[in-house]
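Reviewing the structure listed below.
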Amino acid sequence: GQPIYEEEQLDFQPLPQIVVVVDELADLMMTAGKEVEFLIQRLAQKARAAGIHLILATQRPSVDVITGVIKANLPTRISFFVTSKIDSRTILGEQGAEQLLGKGDMLYMAGGKGLIRVHGPFVSDDEVRAVADHWRAQGSPDYISAVTEEPEDGGFALDGADLGDDSPDARLYRKACQLVFENQKASTSWLQRQLRIGYNSAARLIERMEDEGLVGAPNHVGRREVLRDEAGNPL
């Protein structure tokens, strides 16, 4: 019954500091909003205790990008010059950022407290390169190959589609077709909400699907029949 923890030597090893940087949050929220929001929430809740630094950045401070859930889990915020009071309130919860001067002028909110006006220094390209070279010299990178690997089935593809076309418009069209087939629903307003795009853009996608024989023409009540199954095969 004698405790041995006073004599036993524990093998403590220092853990690395982890910094997670999202350069443009708006792009992630446009492609997978709810999933990204949920993952950011889980990470932020645990990062405080685990010593993980989470930095989110965006050039589009709208409420569909910086949601209430994300703001609640990130109390420390910085805002540079924005064009409207609405954008300032979206970031900081109050106006003021629309009156900044630009060129490094910013408002800093630490842990949900009052705003502090600070000015960031000018950093030249040579200084950025020097810091980047210093980081590279610390060790070789450990890339996760699964991020860039294609799935075994080659991903979602349409019969006769040019898979070599990886332009943003082509990716958006393939994503739209996948949503329509999997949900067996071809509604312009529904597709607009799913892809977070404008109504006209969603209408053009639906019209292209009709031209290519993927969906039928609208009936007397405006509904369209989906002519492919959930896997994209002709019915």
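The values are calculated or read from the model by the stated rules, or taken from the named source; none is laboratory data. Predicted, not measured: the structure shown is a model, and the values here were computed from it. Positions of Cβ are generated from backbone atoms using ideal geometry, with glycine treated the same way; all protein chains shown enter the neighbour counts.
Considering only residues that are of a type in the set (Gly, Ala, Ser) and either surrounded by 10 or more Cβ atoms within 10 Å (Cβ to Cβ) or assigned to a helix (DSSP H, G or I) (or both), which ones fall in the range 133-149?
137, 145, 146 - these are the residues of the range 133-149 that are of a type in the set (Gly, Ala, Ser) and either surrounded by 10 or more Cβ atoms within 10 Å (Cβ to Cβ) or assigned to a helix (DSSP H, G or I) (or both).
For the range 61-132, which fully contained strands (runs of 3 or more DSSP E) count at least 2 residues that are among the basic types (Lys, Arg)?
The strands (runs of 3 or more DSSP E) meeting that bar number zero.
Rundown of residues vs (1) without any contact (Cβ under 8 Å) to a residue 60 or more places away in the chain; (2) closer than 21 Å to residue 81 by Cβ; (3) outside the structural domain of residue 87 (by TED's automatic domain parsing), yes/no style:
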{"residue": "25", "(1), (2), (3)": "yes, yes, no"}
{"residue": "29", "(1), (2), (3)": "no, no, no"}
{"residue": "36", "(1), (2), (3)": "yes, no, no"}
{"residue": "42", "(1), (2), (3)": "yes, no, no"}
{"residue": "47", "(1), (2), (3)": "yes, no, no"}
{"residue": "51", "(1), (2), (3)": "yes, no, no"}
{"residue": "55", "(1), (2), (3)": "yes, yes, no"}
{"residue": "60", "(1), (2), (3)": "yes, yes, no"}
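Would you say residue 23 is under 22 Å from residue 196 (Cβ atoms), surrounded by 18 or more Cβ atoms within 10 Å (Cβ to Cβ) and among the acidic types (Asp, Glu)?
No.
Among the residues of the range 179-201, are any touching a Ser or Thr at 6+ places or on another chain (Cβ under 7 Å), modelled with pLDDT of 90 or more and assigned to a helix (DSSP H, G or I)?
No, every residue in the range 179-201 fails to be touching a Ser or Thr at 6+ places or on another chain (Cβ under 7 Å), modelled with pLDDT of 90 or more and assigned to a helix (DSSP H, G or I).
Counting just the residues of the range 64-89 that are farther than 21 Å from residue 43 by Cβ, out of contact with any strand residue (DSSP E or B) (no Cβ under 9 Å at 6 or more places or on another chain) and of a type outside the set (D, E, K, R), which one comes out surrounded by the most Cβ atoms within 10 Å (Cβ to Cβ)?
The selected residue is 82.
Could you say whether any residue in the range 90-108 is in the same structural domain as residue 27 (by TED's automatic domain parsing), surrounded by 12 or more Cβ atoms within 10 Å (Cβ to Cβ) and within 21 Å of residue 196 (Cβ to Cβ)?
yes
Please determine whether any residue of the range 121-134 is closer than 30 Å to residue 63 by Cα, touching a strand residue (DSSP E or B) at 6+ places or on another chain (Cβ under 9 Å) and at pLDDT 90 or above.
No; the residues of the range 121-134 include none that is closer than 30 Å to residue 63 by Cα, touching a strand residue (DSSP E or B) at 6+ places or on another chain (Cβ under 9 Å) and at pLDDT 90 or above.
Is it true that residue 46 is modelled with pLDDT under 90, among the charged types (D, E, K, R) and under 21 Å from residue 195 (Cα atoms)?
When the stated conditions are applied, residue 46 does not pass them.
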